[in-house]
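Just so you know, all these numbers are worked out from the coordinates, no wet-lab data involved. Note that this is a predicted model, so its numbers are computed, not measured. All Cβ positions, glycine included, derive from the backbone under ideal geometry; neighbour counts span all protein chains shown.
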Amino acid sequence: MSISAEAPIGLFDSGVGGLTVLRALEARLPREHTVYLGDTARVPYGTRSAEVVTRYAQLNARYLASQGIKALVVACNTVSAHALPALTKSLPMPVVGVIEAGAQAAVKATRGGSIAVLGTPGTIASGAYQSALKRLAPLAPVIARACPLFVPLAEEGWTDGDVPRLVAERYLGDLRRSGVDTVVLGCTHYPLLAKTIAEVVGPKVSVVDGAEATAEACAQILSARTMLRPESPKAATSRVICTDLPERFRGVAERFLGRKTGEVELVDLAMT
Ligand code: DGL
């Protein structure tokens, strides 16, 4: 089956986090149609086993494939850590993860100090960032830290104020005295709290994430396959889908995307 350049790019995450990647993708490839799936019925992924995350990831990917996507962006570090090879093997279209991009952004930003990777317990335990950083910058000292409470805070839309600040202080306060010069947000939910995280780690520390580099990787792959959508008088369309509570998702999503999403569709993946 041949896939048309007119087909949309699919993205998925456990919830709102991957919207940070969608935003970067829309900025880099404004002509492309997109379909975003947030698995709000099963969020969080980061505290679950690799087997369960892989099963959820396959459900999401199969659903997006059924929507006729031409490429899949795995806008979730936990899934990228546990299931990227399995997804790549099972899908006919190119699959782009976020970890390589995040590690590249960190290596670009560091000025010789330590790099702190923040991620979900699953991502940190998988060692995926630690390996990518070791390969890209063998001499850079790496500190890895799981910050699971950032995910429900982002889903709740609590991205600034006392509560996220206290949580961030508890997770990261010691990084101010640890020689860290770069923090990489190794969970796509965390950029929603980037301002709070930056305030806690202090002004000398660069806080980076892989969203832009992921969008660039996707652009390169589509360009190499001559699959970029050609110029068209028809504007790009953007569908947003979730697996539970679409109205709630829409409220948080519109805040983070800074634009209207239109109706957020609801899908039951068990029925597809
Ligand atoms: N946003 C996801 C990530 O990048 C998953 C967060 C979660 O569901 O725990 O890891």
(Q) Sorting check: for 37-44, 141-148, 227-234, 97-104, which peptide has the highest mean count of neighbouring beta carbons within 10 Å, and how do the rest follow? (A) 97-104, 37-44, 141-148, 227-234
Q: Could you work out the per residue convex hull volume over the alpha carbons of region 63-178, in cubic angstrom?
A: 129 Å³
**Q.** Ranked by how many other beta carbons lie within 10 Å on average, peptides 125-137, 6-18 from highest
**A.** 6-18, 125-137
(Q) Quick check: the distance between the Cα centres of region 70-106 and region 1-62, to the nearest angstrom? (A) 10 Å
Q: May I ask you to work out the translational diffusion coefficient for region 1-125 at 10 °C, viscosity 1.306 mPa s, via Stokes-Einstein with Rh from the Kirkwood sum over Cα pairs, reported in whole µm²/s?
A: 105 µm²/s
Q) What is the dipole size for region 201-272, taken about its Cα centre, with +1 at each Lys and Arg Cβ and -1 at each Asp and Glu Cβ, in debye to the nearest 20? A) 220 debye
Q: Report, as a whole number in µm² per second, the diffusion coefficient that Stokes-Einstein gives for the chain at 25 °C and 0.890 mPa s using the Kirkwood radius over alpha carbon pairs.
A: 132 µm²/s
(Q) Tell me the angle of helix 50-66 to the major Cα principal axis of the chain, expressed in degrees between 0 and 90 and rounded to the nearest ten. (A) 30 degrees
Q.
If you fit an axis through the alpha-carbon atoms of helix 77-90 and take the longest principal axis of the Cα set of the chain, what angle between them do you get, 0 to 90°, nearest 10?
A. 40 degrees
(Q) Using the Cα centre of the chain as origin and beta-carbon charges of +1 (Lys, Arg) and -1 (Asp, Glu), tell me which of 93, 44, 190 is placed farthest towards the positive end of the dipole. (A) 93
Q | the chain, helix-only ellipticity at 222 nm - DSSP H runs n ≥ 4, -39,500 (n - 2.57), divided by all residues, nearest 500 | A | -13000 deg cm²/dmol
